[in-house]
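The values are calculated or read from the model by the stated rules, or taken from the named source; none is laboratory data. Just so we're clear, the structure is a prediction, and the values are computed from it rather than from any experiment. For neighbour counting, all protein chains shown are included, and Cβ atoms are generated from backbone atoms with ideal geometry for every residue, glycine included.
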Amino acid sequence: MTGLKFHILDVFAEQKYTGNQLAVVESFGALDDDAMLDIAREFNYSVTTFIQAKKPGEIGWPVRIFTPVGEIPFAGHPSLGTAWIIRRELADSMPEEIVLDLFAGAIPVTFRGDDVEMTQLPPVFGSHVDHAKAARVLGLDESDIRLDLPVQVVSTGLPFLIVPLSDLDAVARCRVDTSLLLDFVEKLDAKLFYVFTEQAERPENRIHARMFGDYYDVPEDPATGSAAGCLAGYLKKHNVLGMGDVTIRVEQGFEVGRPSILTISAEEKGEEILIRVAGKVIKTAEGVLV
């Protein structure tokens, strides 16, 4: 376990010490599952990634993703940040695209100037949830949730419950009632909440969002690329912003002092929806495990 290099990044950040923190460990298969979980708990970020090989395999660069509670198949900001490190530290040149081999599948990550962009898996639209029940878990009144839109499970590799709220005030008042949480999510594929409103704090942004992951001991995530991809699919499917494709800026993390900006797009491609999520990556530190 000793001697392994790690990097600390801010993802979806406009400047240092904003966005979502990420630890990336160059483990190269030297760690078992328990050791990776221990290290993820030590960093105690929402996720830590482990690069499993010094070269890509048949699918891409093998990477595993751990929260402080356990492994997950996919997450957004770890995909962008890990690809950013691979490109600079391990790839033979500075390629325009890095493909990650995750448990969820192959995730292409493209580099466009200062932005890093991932193409997510096509969205899968799951069950609808009763508005009143969702409101109670979030500590809200039913009237805080938009009745013209569904509360729905959506997944692009990791399922989220997408909850449309009426305004910024409702978003600010969200407080997950953990005493109700386990029973509420027991029969749902999604254990994570992504709430959003069409109001935004900054005029250049179109959506304000928050992500609650109490089920995984992540009470609130500053920037959640996987959830934002699900939101892009949701916005497109339900024509929330009108007919046509979606390309907008989402703000997140303001409530936890880590303002983050995510650019999301949803484009109709035949019978599927093509999802892309982009943002900036800034390196803040590096070191070696001792």
Filtered residues of the stretch 281-290 (kept if surrounded by fewer than 22 Cβ atoms within 10 Å (Cβ to Cβ) and within 19 Å of the chain's Cα centre (by Cα)): ILE282, LYS283
Members of the stretch 47-102 that are within 19 Å of LYS5 (Cα to Cα), of a type in the set (Gly, Ala, Ser) and touching a residue at least 12 places away in the same chain (Cβ under 8 Å): ALA53, SER79, GLY81, ALA83
Count of residues meeting criterion [in a loop (DSSP other than H, G, I, E, B) and either more than 13 Å from ALA200 (Cβ to Cβ) or among the β-branched types (Val, Ile, Thr) (or both)] in the stretch 254-266: 2
Candidates PRO150, PRO164, filtered to the one that is closer than 17 Å to VAL250 by Cβ, surrounded by 15 or more Cβ atoms within 10 Å (Cβ to Cβ), in the same structural domain as ILE248 (by TED's automatic domain parsing) and in contact with a strand residue (DSSP E or B) (Cβ under 8 Å, 6 or more places away or on another chain): PRO164
Matching residues, the stretch 255-279, being closer than 26 Å to GLN15 by Cα, surrounded by fewer than 21 Cβ atoms within 10 Å (Cβ to Cβ) and in contact (Cβ under 8 Å) with a residue 40 or more places away in the chain: GLU255, ARG258, PRO259, THR263, ARG276
ARG88 being under 19 Å from ILE264 (Cβ atoms), loosely packed, with under 15 Cβ neighbours inside 10 Å and among the charged types (D, E, K, R): no
Criterion: of a type in the set (Phe, Trp, Tyr), more than 20 Å from PHE193 (Cα to Cα) and out of contact with any helix residue (DSSP H, G or I) (no Cβ under 6 Å at 6 or more places or on another chain) - qualifying residue of PHE103, PHE125, PHE50: PHE103
Subset tally (residues that are of a type outside the set (A, V, I, L, M, F, W, C), out of contact with any His (no Cβ under 9 Å at 6 or more places or on another chain) and within 13 Å of VAL171 (Cβ to Cβ)) for the stretch 131-157: 2
